[in-house]
Amino acid sequence: MNPAVSAVTDRIIERSRPSRAAYLALIERERETWIGRPSLGCANLAHAYAGTPEDREAMKADAGMNIGIVTAYNDMLSAHAVYYRYPELMKVWAREVGATAQVAGGVPAMCDGVTQGYPGMELSLFSRDTIALSTAIALSHGTFEGAALLGICDKIVPGLLMGALRFGHLPMVLIPGGPMPSGLANKAKAAVRERFATGEATREELLDSEIAAYHGQGTCTFYGTANTNQMMMEVMGLHMPGAAFVNPGTKLRQELTRAAVQKVAGLGWRGDDYRPLGHCVDERAIVNAAVGLLATGGSTNHLLHVPAIARAAGIVIDWEDFDRLSAAVPLIARVYPNGSADVNAFESAGGMPFVIGQLIDGGYLHRDIRTVGGADLRDYASKPVLKDDALAWERVGDSGDETILRPATAPFSPDGGMRILQGNIGRACIKVSAVERDRWIVEAPARVFADQLEVLEAFRQGTLEQDVVVVVRFQGPRANGMPELHKLTPCLGVLQNRGFRVALVTDGRMSGASGKVPCAIHCSPEALLGGAIGLVRDGDMLRVDAVNGTLDALVDPAEWATRESAPAPAPATGMGRELFGMFRGLADEAEKGASAVLAGAGL
């Protein structure tokens, strides 16, 4: 193993020793005392079997695994609309190997692309906790010996795992649906957004552009949080190998889903190949997720999600671990917003099999993890294909396009491009893999806002036409649920295009599509909890320095020490936000995952 990766892994193992031991004891106890079908009362079983009369006799015989399907289907979210027919097909495929399957429950799946910049976005991060709770409810019936989790997008996969890991004695598989075919190129879409921000494009032009980009079923084709989720499931070994980026509606996609159902049916404790989820997701798998994130230039949202997933399995990873890994792990992929290619081009160039093979060969990934789909992670360095309509896997060779994928020995960058910033404003994260090197340090006067809509109004009025560090505070999990501030991307990009030195500092989140503008995000402590971001005033000189890892207000220390924090806005109501007051009150800091349910559970 690469020495830095090995050292971080050891650091996480040592730090997690008590909590991981408690978790493993929990799932062992759950397996031994599981209120499974043989011990359920007859009335209980009758209720469980009543909805699926075609499988009732097989369930009564208890000869094979009953697989619980937890689905995030809805047809408002393009990536999840593909799941419409999955359960009925999965039941057929389960029967082919003597198993049965039932939809155990549904979980909400909201679309950040729809809510971005509007009040509903304040529910987005807490939807992850809601999904975790919904997953736990779905699996609580005690009638399943394994599970299949249907989810893809931003908060859905982390939420499914957070809930499912509390049932970690069960074998489980994540089943993706794949990306939509390529539409309007992402850079062309971004250009229209910037033209609209300056009044050079009409709303009709903008809408036509967006529809041309987001045009069908499947994940969006840029490398944001949804597609970073799929990358992570591959490097953690929780998919069938190579399943991440196969388009929906294809024979190959169908056969991968069939294989996933039939694979999990054979991984239960009754057989000789028991692979419970809680043992698959260990410290090495969590490090693999972080390494994959850094090597591919993935979404900053996973600096929240990876710690939260880890905590659900008794594992503690912090931003210092990410920072140390980032210094050692090479960037070997360029996918929009870190390049011009989309995920379909990434897949054509070699995709995840190429990435995994390169990172294993370089010593950056733990090969010896317990996976769902293979003997070890090396099996995920093979590409799924159809041979005479049967599913097979082939080893990948060299990159099909070195503008998209490069070998680890000749990377785009020697490091992963994620950094931790620390200074008198607090502790924050920054992603620089898509930022030009001469923009890594920005020193400029602050303009302070408590809402992203105020920033957009200032831009429209022309009052941001200068070198500026835009500060948007009271956007943390305790304040308003930590919404993404992606609406700011076009206007900040326009200012930068005009030659100004521009940066963003916020205790909120930026989109998984964070791009060319340097953004110091997840600033902790957040303003509502007395964080120093609440002390910044208009006109203060701020320095965002991704070279040296600092984030400072260049204010006389004596004056800084006497300042009082700005008053917090009143909690917003409407759009159901008031119902999530308990979540806001319990949510812990970003570095721990910004989760209310994990904090409330004492994890």
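The values are calculated or read from the model by the stated rules, or taken from the named source; none is laboratory data. Keep in mind the model is a prediction, meaning the values are calculated, not measured. Counting neighbours? That spans all protein chains shown, and the Cβs are built from the backbone with ideal geometry, glycine included.
On the basis of being under 22 Å from ASP62 (Cα atoms), out of contact with any helix residue (DSSP H, G or I) (no Cβ under 6 Å at 6 or more places or on another chain) and of a type in the set (Gly, Ala, Ser), does GLY297 make the cut? No: the conditions fail for GLY297.
Here is a yes/no grid of residues against (1) closer than 26 Å to MET236 by Cβ; (2) without any contact (Cβ under 8 Å) to a residue 12 or more places away in the chain; (3) among the basic types (Lys, Arg); (4) touching a His at 6+ places or on another chain (Cβ under 6 Å):
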| position | (1), (2), (3), (4) |
| --- | --- |
| LEU160 | yes, no, no, no |
| PHE167 | yes, no, no, no |
| ARG203 | no, yes, yes, no |
| GLU210 | no, no, no, no |
| HIS215 | no, no, no, no |
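In segment 559-584, what residues are within 23 Å of ARG427 (Cβ to Cβ), part of a helix (DSSP H, G or I) and either touching a Cys at 6+ places or on another chain (Cβ under 8 Å) or among the small types (Gly, Ala, Ser) (or both)? ALA561, the sole residue that qualifies. Within the set GLU88, GLU54, the sole residue that is acidic (Asp, Glu) and either farther than 22 Å from ALA260 by Cβ or under 36 Å from the mean Cα position of the chain (by Cα) (or both) turns out to be GLU88. Entry remark, segment 538-548: residues being exposed (fewer than 15 other Cβ atoms within 10 Å of the Cβ) and touching a Gly at 6+ places or on another chain (Cβ under 9 Å) number 0 in total. Looking at (1) modelled with pLDDT of 95 or more; (2) more than 16 Å from PRO330 (Cα to Cα); (3) crowded, with 18+ Cβ neighbours inside 10 Å, find the lone condition where GLY373 falls short. Status for GLY373: all satisfied but (1).
Checking the stated criteria, ASP507 turns out to be closer than 16 Å to SER124 by Cβ, outside the structural domain of VAL306 (by TED's automatic domain parsing) and of a type in the set (Asp, Glu). Filter segment 391-439 down to residues that are more than 25 Å from HIS302 (Cβ to Cβ) and without any contact (Cβ under 8 Å) to a residue 60 or more places away in the chain, then give me how many there are. The qualifying residues number 10. Checked against the criterion of being small (Gly, Ala, Ser), touching a residue at least 12 places away in the same chain (Cβ under 8 Å) and either farther than 30 Å from CYS111 by Cβ or in the same structural domain as TYR118 (by TED's automatic domain parsing) (or both), the candidates GLY574, GLY539 yield just one match: GLY539. Filtering ALA48, ALA81 for residues that are in contact with a Ser or Thr (Cβ under 6 Å, 6 or more places away or on another chain), farther than 30 Å from GLU320 by Cα and touching a residue at least 24 places away in the same chain (Cβ under 8 Å) leaves a single hit, ALA48.
Only a single criterion out of (1) within 23 Å of the chain's Cα centre (by Cα); (2) assigned by TED's automatic domain parsing to the domain that holds GLY36; (3) of a type outside the set (Val, Ile, Thr) is not satisfied by HIS169, namely (1). Taken over segment 555-603, the residue count meeting the criterion of being among the small types (Gly, Ala, Ser) and under 20 Å from the mean Cα position of the chain (by Cα) is 7. Scanning segment 561-598 for residues that are over 16 Å from LEU529 (Cα atoms), among the hydrophobic types (A, V, I, L, M, F, W, C) and surrounded by 16 or more Cβ atoms within 10 Å (Cβ to Cβ) gives PHE580, VAL597, LEU598. Considering segment 303-406, the qualifying helices (runs of 4 or more DSSP H), each wholly inside and each with 1 or more residues that are under 22 Å from PRO171 (Cβ atoms), run over 351-361.
In segment 29-61, the residue that is farthest from ARG275 (Cα to Cα) out of those that are acidic (Asp, Glu) and surrounded by fewer than 15 Cβ atoms within 10 Å (Cβ to Cβ) is GLU54. Tallying residues that are farther than 9 Å from ALA104 by Cβ, assigned to a helix (DSSP H, G or I) and not β-branched (Val, Ile, Thr) within segment 134-161 yields 6. Considering segment 502-532, the residues that are over 19 Å from the mean Cα position of the chain (by Cα) and closer than 20 Å to ALA190 by Cβ include one that is surrounded by the fewest Cβ atoms within 10 Å (Cβ to Cβ), namely LYS516. Selection of segment 361-390 for residues being among the aliphatic types (A, V, I, L, M) and over 10 Å from GLY242 (Cβ atoms) yields LEU365, ILE369, VAL372, ALA375, LEU377, LEU386, ALA390. Criterion applied to GLY481, GLY499 was being at positive phi and surrounded by 24 or more Cβ atoms within 10 Å (Cβ to Cβ), and the one residue passing it is GLY481.
For segment 174-186, the criterion of a residue being in contact (Cβ under 8 Å) with a residue 12 or more places away in the chain, touching a Lys or Arg at 6+ places or on another chain (Cβ under 8 Å) and either of a type outside the set (A, V, I, L, M, F, W, C) or not in a helix (DSSP H, G or I) (or both) is satisfied by at least one position. Inspection of segment 345-362 finds a residue satisfying the criterion of being surrounded by fewer than 20 Cβ atoms within 10 Å (Cβ to Cβ), over 30 Å from GLU591 (Cα atoms) and of a type in the set (Asp, Glu). Given the conditions (1) assigned to a helix (DSSP H, G or I); (2) crowded, with 20+ Cβ neighbours inside 10 Å, and given that VAL114 satisfies all but one, which numbered condition is not satisfied? Of the numbered conditions (1) assigned to a helix (DSSP H, G or I); (2) crowded, with 20+ Cβ neighbours inside 10 Å, the odd one out for VAL114 is (2).
Among the numbered criteria (1) farther than 25 Å from ASP321 by Cβ; (2) hydrophobic (A, V, I, L, M, F, W, C); (3) surrounded by fewer than 17 Cβ atoms within 10 Å (Cβ to Cβ), which one does ALA444 miss? Checking ALA444 against (1) farther than 25 Å from ASP321 by Cβ; (2) hydrophobic (A, V, I, L, M, F, W, C); (3) surrounded by fewer than 17 Cβ atoms within 10 Å (Cβ to Cβ), the one that fails is (3).
The single condition from (1) charged (D, E, K, R); (2) surrounded by 24 or more Cβ atoms within 10 Å (Cβ to Cβ); (3) under 20 Å from PRO411 (Cβ atoms) that ARG367 fails is (2).
Each row is one residue, and each column tells you yes or no for (1) among the hydrophobic types (A, V, I, L, M, F, W, C); (2) more than 28 Å from ILE332 (Cβ to Cβ); (3) crowded, with 18+ Cβ neighbours inside 10 Å.
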position: PRO179; (1), (2), (3): no, no, yes
position: ASP208; (1), (2), (3): no, yes, no
position: ALA213; (1), (2), (3): yes, no, yes
position: ALA260; (1), (2), (3): yes, no, yes
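Within segment 31-69, the set of residues being part of a strand (DSSP E or B) and among the hydrophobic types (A, V, I, L, M, F, W, C) comprises ILE67, ILE69.
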